[in-house]
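J.: I have a structure I would like to understand better, so I am pasting it below and will then ask my questions one at a time.
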Amino acid sequence: MGLRSDLEAYLEQAREAIASASTLSEVDDARIRFVGKKGLVSTALRRVGEVPPSERPTIGKAANDARNEIEALIAGKLDILARLAQQAALAREKVDVTLPGRPFRYGNKHILQKVYDEAQRIFLGMGFEVAEGPEIESDYYNFVALNIPKDHPARDMQATFYFDDETELRTHTSPVQIRAMLSKHGALPVRLISPGFVYRRDSDNTHSPMFLQFEALAVDVGVTLGDLKGTIEQFAKQMFDQSVKIRLRPSYFPFTEPSAEADVSCTVCGGKGCRTCKGTGWLEILGSGMVHPAVLRNGGYDPSRVTGFALGMGIDRVTMLKYGLDDIRNIYSNDVRFLRQF
Ligand code: DAH
């Protein structure tokens, strides 16, 4: 019986081929060879019609059984190979839980914000409160109310960005003195600080067209220059070091009378004289004075009854002195390599 024994032989060969196949392509080769369209078993099935009719049912069944068995073996083998492939992939992807984690970099406060926060903390501790004002300011608040009328030569001290004759970027935080006094409607005491950005047409390695100022104002019955000096001293000791000394030097500002600039003993050499203090032993940190009577009046206070002191400092400058920086532009260029040092 040619066909029957052929079928038995094919089935035996197929079992062996599938059992020994170890790759997808070997299984596929076996599939094509036995049960593909022109495969041995498929061809045998088509030859069932050639056998005598009495034998057709048994041969036909044998051929179908052979094809079904081979297809089942192939499916089983594919299943096994897929599982092996997955196991191999998992074995390759080892997770080592003992490896150190990737370093996570924390951000930090900007150096200016740090120094400003510290200045604010010191002044809040002395009973001051925070007041704010706009950066786009009227000429009246920025200059006129501070005793600097139009065409006054003192305007040259502060190169200004004007929008028009009546509007400008504020050149200092001093206009907040007027705004805050007016909002108090004559109530006492006035003790305020005002932080904020100010703008001047000025730029080199110690001047930035935008910088951060810090204003303080105290108005009450009997405020003296001694209060001003004590306040500055307390600030300087807490900001820099308890050993720091201060001195007031006579100066001129239109909105204070008398006016003084305050120096701290050099934070680098302690006052002996070095490059930072240019041999003088002193570093200037702020402008100050007793509030001019005209300014008190513009703020709604009676200069025959109350007195006040005011001061204004550059937080940028204090920052440069505190951290020994030599270029103000580093503070604003936002290079994290610089900023993350602090
Ligand atoms: N506004 C001044 C400036 O920007 C600084 C200043 C000086 C502020 C004396 C004051 C002060 O309050 O009393 O140059």
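The values are calculated or read from the model by the stated rules, or taken from the named source; none is laboratory data. Only a predicted model underlies this, so the values are computations on that prediction, with no experimental measurement involved. Here the Cβ positions follow ideal geometry from the backbone for every residue, glycine too, while neighbour counts run over all protein chains shown. In case anyone asks, the SASA skips ligands and DNA or RNA and just uses the protein heavy atoms, side chains included. Shrake-Rupley method; radii C 1.70, N 1.55, O 1.52, S 1.80 Å.
J.: Say the cut-off is 27 Å between C-alpha atoms; which of Lys109/Lys184; Lys150/Lys278; Lys114/Lys245; Lys114/Lys229; Lys237/Lys272; Lys150/Lys237 go over it?
T.: Cα-Cα > 27 Å for Lys109/Lys184; Lys150/Lys278; Lys150/Lys237; rest within.
J.: Give the accessible surface of the chain per residue, rounded to a whole number of Å², with probe radius 1.4 Å and ligands, DNA and RNA excluded.
T.: 55
J.: Treating the beta-carbon of each Lys and Arg as +1 and of each Asp and Glu as -1, no other charges, what is the dipole magnitude of the range 117-183 about its Cα centre, to the nearest 20 debye?
T.: Once rounded to the nearest 20, the dipole reads 260 debye.
J.: Taking DSSP loops as anything outside H, G, I, E and B, show the longest stretch in the chain free of GluC sites (Glu not before Pro) there with at most 15 other beta carbons within 10 Å.
T.: 167-342
J.: I need the per residue convex hull volume for the range 230-339, using only the alpha carbons, in cubic angstrom as a whole number.
T.: 131
J.: Report the charge-dipole magnitude of the chain in Debye, nearest 20, computed about the Cα centre from +1 at each Lys and Arg Cβ and -1 at each Asp and Glu Cβ.
T.: That gives a dipole near 920 debye.
J.: Over the C-alpha atoms of the range 2-92, what are the Rg and the largest Cα-to-Cα span, Dmax, in Å?
T.: Looking at the range 2-92, its Cα Rg and Dmax stand at 15.6, 59 Å.
J.: Another question, if that's okay. State which stretch of the chain is the longest one without any exposed trypsin sites (Lys or Arg not before Pro), exposure meaning a DSSP loop state and at most 16 other Cβ atoms within 10 Å.
T.: 39-93
J.: For the chain, build the charge dipole from Cβ charges (+1 Lys, Arg; -1 Asp, Glu) around the Cα centre, then report which of Ser208, Pro52, Pro250 sits farthest towards its positive end.
T.: Pro52
J.: Would you list the P(r) distribution for the chain, with all Cα-Cα distances sorted into 20 Å bins from 0 and each bin expressed as a whole %?
T.: 23, 31, 7, 8, 15, 13, 2
J.: Roughly how far apart, in whole Å, are the Cα centres of the range 254-308 and the range 40-70?
T.: Here the two parts' Cα centres lie 113 Å apart.
J.: Taking 8 Å as the Cα distance limit and 6 or more residues as the minimum spacing, I'd like the relative contact order of the range 2-92 as a percentage.
T.: Worked out over the range 2-92, it gives 34 percent.
J.: Suppose we keep just the DSSP beta bridges with both residues in the chain; what percent of those would be antiparallel, to 5?
T.: Beta bridges within the chain, antiparallel portion: roughly 95 percent.
J.: Where in the chain are the DSSP H helices whose C-alpha atoms run 24 Å or more along the long axis and whose mean Kyte hydropathy is at least -1.0?
T.: Membrane-span-like by this rule: 2-20, 56-92.
J.: So which chymotrypsin sites (Phe, Trp or Tyr not before Pro) in the range 48-136 are both in a DSSP loop and have at most 15 other Cβ atoms within 10 Å of their Cβ?
T.: Answer in residue order: Phe104, Tyr106.
J.: When only Cα pairs under 8 Å and 6 or more residues apart are kept, what is the percent relative contact order across the range 170-279?
T.: 16
J.: Which of the lysines could be linked to Lys38 by a straight reach, that is with a Cα gap under 24 Å, when you skip same-chain ones fewer than 8 residues away?
T.: Lys61, Lys77
J.: At a threshold of 8 angstrom on Cα-Cα distance, excluding pairs fewer than six apart, so keeping six or more, what relative contact order does the chain reach in percent?
T.: 14
J.: Another question, then. Run through every distinct alpha carbon pair of the range 106-245 and return the Kirkwood hydrodynamic radius in angstroms, one decimal place.
T.: About 16.6 Å for the range 106-245.
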